[in-house]
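Quick notes on the structure that follows.
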Amino acid sequence: MEPLVERTRLARTISDAQDELKSFRTYLRWMCVDQSNIWMGCLSWFMFIVFGLLVPLVSHFMLACSTCDATHTRPYDWVVQLSLSSVSALSFVCLTRFVKKHGLRRFLFLDKLCDESETVRKQYTVQLNRSLKIVSFFVLPCFIAETAYKVWWYASGASQIPFLGIVWLSDTVACVMELCSWLYRTTVFFLVCVLFRLICNLQVLRLHDFAKVFNVDSDVGSVLREHLRIRRQLRIISHRYRAFIVWCLILVTFSQFTSLLITTKSNSRLNIYKAGELALCSITLLTGLCILLRSATKITHKAQSVTSLASKWHVCATLDSFDEGETPRTPAIHDQQVLPHVGANGESEGDDPGEEDDELDNCKLIPAHAYSTISYHKRQALVTYFEKNQGGITVYGIALDRSTLHTIFGIELSFVLWILGKTI
């Protein structure tokens, strides 16, 4: 009986073809990364092998153009092709594994939305529909720049490709194949990054909704169960994406340092024609990496802000409480007599926090609601639990917060300065 229950619990969630993921499935089908059946799976792998591996390999060796003039040579093409192919292969394999193992609905935590509030469901649905537009927002400008460069490179007579006999037809086919390959690899990479951002935003919405329990008469047990449910989903996200984040950081770092080494040689002559495509590749990879790291640090910061909110809630409750038999006082009147320039929310009347004040970790006092039902020891135990279990996105036990990003930046900067020092 137990194995049957376990298989039922881990089974993929069955979804309807007309549900909220209809546009997502259509997009995956057009991108040829949909592997819902064996035929689509074969087509998906075929397109990946062609546009992710074969076209970059053939274009690099057949279009090396060693006899071209100074503006049409491509000395950095191997770095561009290797960098884009490596990150696209990593993204394709991870996306295939995610969808095949968990299913699209379960991977995006849509099967858990029934347990959330109406506000969280509506906002997450809006962000789900906007996610594909975000992918286009990042890919389209880079694709326009890449198209302009390729069209100029072929139209100016840089290549003489004889495989079709007709020069202009051969150049057209080669240009289209290269652009399709670039678009395929870049879109797959950004798609996985944006999906990670989407999943992290769901947890941000849940944390904002969870923070409301400190403003109402809540039970400590229900608060603890809800926070444990959020931490469990954060651990699931960390476990699924940890390998992708680590390998993405390694591949992007290797690409950037390789670009730095070959462009700082004494015989290197940089111009927009030679290094323009390399710069575009670096912008693309760094943008995707920033999406990953920013999403991870954002959810980690929000999860840690809950500790500050719980501590402030505990302090406000303790200050407004009174001993047994003591006549309760009105805290608002007392505070106004002592601090007439401070408002009821703990802010000065002339203060304007603007957008700098975080919704969870702010400087506003919490009004008393649940102090009559929650004792001091229960509040203290809950705050201690939050301090020991702050949560967030972790990579093999290392929390991706701002201090971790500062450490990564320091290591990267040290390598850059070392390479520049050796070059000089």
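The values are calculated or read from the model by the stated rules, or taken from the named source; none is laboratory data. Small disclaimer: the values here were computed from a predicted structure and weren't measured. Heads up, the Cβs are rebuilt from the backbone with ideal geometry, glycines too, and the neighbour counts pull from every protein chain shown. We work out accessible area using only protein heavy atoms, side chains counted, and drop any ligands, DNA or RNA first. Shrake-Rupley method; radii C 1.70, N 1.55, O 1.52, S 1.80 Å.
What lysines does residue 22 reach when the alpha-carbon gap must be under 30 Å and sequence neighbours fewer than 8 apart in one chain are set aside?
Within reach: 100, 101, 112, 122, 133, 298.
So if we plug the beta-carbon distance of residue 219 and residue 412 into 1/(1 + (r/R0)^6) with R0 = 30 Å, what FRET efficiency do we get, rounded to 0.05?
With a Förster radius of 30 Å, E is 0.05.
Inverting the mean 1/r over all pairs of different Cα atoms, compute the Kirkwood radius of the stretch 261-308 and quote it in Å.
The Cα-based Kirkwood calculation yields 13.6 Å.
Within straight cross-link reach of residue 378, meaning Cα distance under 26 Å, which lysines are found once same-chain residues fewer than 8 apart are removed?
Here the lysines satisfying the reach criterion relative to residue 378 are 212, 302, 312, 364, 388.
Tell me, what is the 1.4 Å probe accessible area of residue 205, in Å² to the nearest 10?
Its heavy atoms expose roughly 20 Å² to the probe.
Arrange the residues 314, 239, 301, 377 by how much accessible surface each exposes, largest first, with a 1.4 angstrom probe.
Values: 314 15, 239 110, 301 50, 377 145 Å².
From most exposed to least exposed: 377, 239, 301, 314.
How about residue 422: which lysines have a C-alpha closer than 26 Å to its C-alpha, ignoring those fewer than 8 places off in the same chain?
Within the straight-line cut-off, residue 422 pairs with 265, 274.
Over the stretch 218-267, with every protein chain in place, what whole percent of the accessible area is carbon and sulfur at 1.4 Å, could you tell me?
64 percent
With a/c under 1.5 counting as rounded, go ahead and sort the stretch 203-270 into rounded, prolate or oblate using the C-alpha gyration tensor (a ≥ b ≥ c being the square roots of the eigenvalues; past the cut-off, prolate if a/b is larger than b/c, else oblate).
prolate
Post the alpha-carbon centroid distance, the stretch 251-301 to the stretch 102-161, in whole angstrom.
So the two Cα centres are separated by 20 Å.
Considering only protein heavy atoms, what per residue accessible area in square angstrom results for the stretch 193-296 with a 1.4 angstrom probe? Intermediate results must be reported in sequence, preceding the final value.
Working: 4470 Å² over 104 residues.
With all protein chains present, the stretch 193-296 gives 43 Å² per residue.
How large is the accessible surface of residue 45 in square angstrom, using a 1.4 angstrom probe and rounding to the nearest 10?
110 Å²
Residue 393's amide H: which non-local residues (gap 5+, or another chain) put their own amide H closer than 5 Å, with H modeled 1.01 Å from N in plane and none for Pro or chain starts?
Placed amide hydrogens put 300, 400 under 5 Å from residue 393.
Rank these residues by their accessible area, most exposed first, probe 1.4 Å: 112, 302.
In descending accessible area the options line up as 112, 302.
Farthest toward the dipole's positive end in the stretch 39-142, which of 134, 42, 102, given Cβ charges of +1 (Lys, Arg) and -1 (Asp, Glu) about the Cα centre?
The Cα lying farthest towards the positive end belongs to 102.
When the label point is put 7 Å from the Cα of residue 145 along its Cα-to-beta-carbon vector, which residues of the stretch 240-267 have a backbone N closer than 16 Å?
256
Please list 220, 80 in order of solvent-accessible area, largest first, computed with a 1.4 Å probe with all protein chains present.
Putting 220, 80 in descending order of accessible area: 220, 80.
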